[in-house]
Every structure is written in C-alpha cells, then in structure tokens.
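The values are calculated or read from the model by the stated rules, or taken from the named source; none is laboratory data. Just so it is clear, the model here is predicted, and its values are computed rather than measured. Virtual Cβ from ideal backbone geometry, glycine too; neighbours counted across all protein chains shown. Areas reflect the complete protein model, heavy atoms only, side chains present, ligands, DNA and RNA absent. Shrake-Rupley method; radii C 1.70, N 1.55, O 1.52, S 1.80 Å.
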Amino acid sequence: MSSVSSATSGSSGPALSSPGIGSGLDVNSIVNKLMAVESQPVTDLQKQNDVLNTKISTYGQIKGAISAMQDAANKLTDLSTWASTAASSSDSTAVSATAGSAQPGSYAITVSQLASPQSLSSSAFTDANTSVGSGTLTIQLGTWGANNTFTPGSSGPATINISKAQGSLSGIRDQINKANVGVTASIVTDSSGARLVLSSKQSGVSNGFKITVNDAAGNNTSGTGLSALAYDPSNSVAAMTLNQTASNAEAVINGLPINSTSNSLSNSIGGLSVNLTKVTSSPVTISVTTDTTGIQKNITDFVSAYNGLLQMLSDDTKYDPTNKQAAPLQGDSTIVGLQNQLRRLSSGGTSLGGAFKRLADIGLDPGKNGQLQVKSTKLSSALSDLSDLKQFFMGLDTANPSNNGFAQQWNSFANQVLGTNGAFTLGQQGLQKEVSNNTDQINNLQTNLSLTQKRLQAQYSALDGKMASMQQLSSYVSQQFGGGGSKSSG
C-alpha cells in the first residue's frame, strides 16, 4: 500500500508538467472554447466600434465636402471677385496686358523703343576649348553716355581671376558666371568659330558695363591673349564687339510718355501689368473690362462643390435593395436633416437680387436629388447684369437674414452645422462618445476575462490532476487484485 500512499500524497494529486498531460484531458482546448463564449460580448462591442468608426470617418469626409462648398460660396461673397477685370490687346504680339484690380477702360499704347541689356561678343576662336589667356578681368556696371563717357553704377568693380588652367574660352565663361557680377557669359558658335558673348543680366541704360583686363602676358590692350576680351571705349579700348546697347523702354500711354528700365510695366497703370514685346508704328489698344469669365467660373465651381456634397450625402445614406446593403449613414437623422436643410435653402429665394429671385432665374435649376443644373445661356444672360447678380449672391438683409443673398445663406448654413454646437459637430461627437464608452466596456470586460481564464485554467488543471490520480489508483488496484488471483491458482 505504500505505493498508493506515495501516488496520492498532496491535495491535488501528482504534479503535472503541463495541462492535460496527467489524464489526457485537453485543458487548453476546453478553456479556449469556454473563453470564446465568455468573450462574445467583447467581440460584439468591437464590431459595434468598427461600424461607429466607419461612420466617424464618413462624417469626416462629409465635413470636408461642406468646407469645400463653403470655400466656393465665400468666393461669391468676396468683393474682389466682382471687382476683377480682364484685359485684351488689339495687337498682343506687340503689347499684352494682365488685369488685376484695374478699372475698366481703354488705353492706347505706342512703343518707340524696347528696354534691352548690353551685349558684347568676342572675335572667333577655333572652339570652346581654345586657350585665350590668363590674368584678371574687371567688370564695372554703369551708364554709357555721349562720346563714350561712362558713369559707374553704385556697385563697385568686380575683379575675376583667370588662371592658366581656366584660360580657355569655356573656362573664362564659367568663371564669369560663377562670379555673379551682373553679367552672364555664353559661347555661340557660327561658321567662323566659337565666340564668347557677354550680356548684362538686367535691361536698362544703367546696366551697361565695361571690361578692363590685366593680361598675364603683360599687354592689356593688344587685343591678343586675355586682352582680346577688353571693352572700354571710354579709354579707346574695344577688342570685343558691341552688338546691343543697354537701353530703357520708351512708350506713350494715352498721350503720357513712359520710360522704363524693363519691358514689363507694372506700375504705369494702376492694377494693370503691361508687357512690351516690339516697337509699334501705331497705337495698340488695351481694353480692360469686368472679368465675367472669372465670375462665371466661380459660380460653376460652386455648383460643382454643392452637387458633390449632395451626391456624397445621398451615397452615404442610400440602401441597395439588390445586395441588401446599407450605406454607412443610412437612416442617420443628422445627415438626413442636413440634406433637407440644403434642399430647402436652395429652393428658396431672395429679394435682394433685383430681377433675380431664385436660382433658376440665373440658370441654376434644381434637378435630381436637389443638385443644380447649369443652363449656360441663361447664366450668360445673368452675367450681363452684374450689379443685380452680385447682390443676388452676396447681399445682406440685416432685418431678415433668411433673405440674404444665396452665397451668404450657404455660408451661414456651413457655419451653423460645422460650429461648436452645430448638428453635424454634435452628431460626430455623439458617435465618438459611443466609441469611447464601448472601449471602456471592452477594457473592463477584458480585465474580467483575464481573471476568468486564469480561474478556468486552474480549475481544469486541478481536475486533470485528480483524474490522473484516480487513473493511477485504478491501475494499482487492478494490478493488485489481478496479480493475487493468478498466484492462488498456481
């Protein structure tokens, strides 16, 4: 009996190396199945959160669409939209113009001279790799006057060192460009060979320049070596050829003489940028008119944003009977309310637009699902009466805000629903609160599930131990009784 006593010592039977090994009871499988049942509430809450998070994400997309619609509506309440002008030219190859805030009107422009930079070219060399010489080049910007007089500009002379290794035509070009002294260098190759071409970066008489040379070979005016690049007529040195003098643009605008260092006249006519491209023999007419094309685009851009919002609301609340599939916000009272508000607003009217009372009056016809359809002919006609059309969109009625212009009403709608206490904001916050509450429940349930799993693991492990002890005892008893009977018969 001593062997039985040894086998059953202790309150929980023989020690087990892992659950289920003692008796063959699959403890882990049993516990896992029981936990799957216990965990079902957590699974249900997680599924609820997946649905809620999808709704929150959809709310975010709708919020973006509302903001886009509001941005488009705000352009129609912006005074600059209605003050914007466009410019046209009777000869855009000679004079072109871009209107910003210029007042409508007509301008006659005659161009007698274009602004230009000074340009010099060297004599021809075999190719760009031909060695020219070494020493220093000194470049001074300034103004050339009568009889080759030169008045230096405010910037001092710039000296550029040319070593023997840098003394090829291409090397000198690179050194000049690297020095950034207001002159650019390039190499032009023609039938005679390669020439170094130097041009002032800016046009205008004050951007002329002269070049003096300190030739390492010792002769600074011989026209050979580096001195082949000298140009200083004020001292009777002109090894390089003058191809173009630095000059100002000269024009007459409505009888007023204009002189400019640039061919782009940005300050001559308020709100109008004029670009001169060639000399004219007769005046070029620049006509400035109200930019109805820009206004029309702002209106159609709003229609696109508005229709996009309505389509999104429709898609997010529809039900597909064929697939029996509901959209994320199907039946959502907040979104349905937004749809109804938008439709009521756009089917309403205003008395501030003179001849225009409703959207259909200007060619914006409410159609399927309340979306607006643009009737181009009617809209073009409305654009001929900008005064009334402007008030139709941006007019304000301080006594009765519901009578405001349509763009003002759309903007107010967006501010209301997206505001801190707006229906859209509160609806989104409600969904987020549900997710938060569910998450708290999930965390609490998971804490309890962890304790439950430990308890079940312990219980079934103990059961496994007891069953193992009983199996050992049964085996022992069987051996004892079986063995004794066999001995007696022998």
Out of (1) open to solvent by less than 50 Å² (accessible area, probe 1.4 Å); (2) touching a helix residue (DSSP H, G or I) at 6+ places or on another chain (Cβ under 7 Å), the odd one out for Ala249 is which?
(2)
Pairs, first farther than 21 Å from Phe209 by Cβ in segment 244-262, second surrounded by 15 or more Cβ atoms within 10 Å (Cβ to Cβ) and among the aromatic types (Phe, Trp, Tyr), C-beta under 8 Å, six or more apart:
Ile253/Tyr107; Asn254/Tyr107
Among the residues of segment 342-360, write down those that are more than 20 Å from Ser387 (Cβ to Cβ) and loosely packed, with under 14 Cβ neighbours inside 10 Å.
Arg344, Ser347
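Take the residues of segment 100-118 that are open to solvent by 20 Å² or more (accessible area, probe 1.4 Å) and part of a strand (DSSP E or B): which is nearest to Val205 (Cα to Cα)?
The initial filter retains those residues of segment 100-118 that are open to solvent by 20 Å² or more (accessible area, probe 1.4 Å), namely 100-101, 103-108, 110, 112-114, 117.
With the extra rule that they be part of a strand (DSSP E or B), the set shrinks to 105-108, 110, 112-113.
Numbers: Gly105: 32, Ser106: 30, Tyr107: 26, Ala108: 25, Thr110: 20, Ser112: 15, Gln113: 12 Å.
Ranking the candidates gives Gln113 first.
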What's the number of the condition Ala128 fails, among (1) open to solvent by 20 Å² or more (accessible area, probe 1.4 Å); (2) assigned to a helix (DSSP H, G or I)?
(2)
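Okay, residues lined up against (1) open to solvent by 40 Å² or more (accessible area, probe 1.4 Å); (2) modelled with pLDDT under 90; (3) of a type in the set (D, E, K, R); (4) within 25 Å of the chain's Cα centre (by Cα):
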{"residue": "Val37", "(1), (2), (3), (4)": "yes, yes, no, no"}
{"residue": "Asp44", "(1), (2), (3), (4)": "yes, yes, yes, no"}
{"residue": "Val51", "(1), (2), (3), (4)": "yes, yes, no, no"}
{"residue": "Ser57", "(1), (2), (3), (4)": "yes, yes, no, yes"}
{"residue": "Gln70", "(1), (2), (3), (4)": "no, no, no, yes"}
{"residue": "Ala73", "(1), (2), (3), (4)": "no, no, no, yes"}
{"residue": "Thr77", "(1), (2), (3), (4)": "no, no, no, yes"}
{"residue": "Asp91", "(1), (2), (3), (4)": "yes, no, yes, no"}
{"residue": "Ala97", "(1), (2), (3), (4)": "no, no, no, no"}
Among the residues of segment 143-165 satisfying the criterion of being hydroxyl-bearing (Ser, Thr, Tyr) and more than 22 Å from Thr261 (Cα to Cα), which is most open to solvent (accessible area, probe 1.4 Å)?
Thr159
Just wondering, is there one or more residues in segment 297-314 that are more than 29 Å from the chain's Cα centre (by Cα), within 30 Å of Asp385 (Cβ to Cβ) and not hydroxyl-bearing (Ser, Thr, Tyr)?
no
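Listed here are the residues, each with its yes/no results for (1) open to solvent by 20 Å² or more (accessible area, probe 1.4 Å); (2) in a helix (DSSP H, G or I); (3) at pLDDT below 95; (4) of a type outside the set (Asp, Glu).
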{"position": "Ser227", "(1), (2), (3), (4)": "no, yes, yes, yes"}
{"position": "Pro257", "(1), (2), (3), (4)": "yes, no, no, yes"}
{"position": "Ser273", "(1), (2), (3), (4)": "yes, no, yes, yes"}
{"position": "Ser304", "(1), (2), (3), (4)": "yes, yes, no, yes"}
{"position": "Ser314", "(1), (2), (3), (4)": "yes, yes, yes, yes"}
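So which of Asn411, Asn437 is modelled with pLDDT of 80 or more, surrounded by 17 or more Cβ atoms within 10 Å (Cβ to Cβ) and part of a helix (DSSP H, G or I)? I'd like the intermediate steps shown before the answer.
Working: Asn437 fails: surrounded by 17 or more Cβ atoms within 10 Å (Cβ to Cβ).
From the options Asn411, Asn437, the qualifying one is Asn411.
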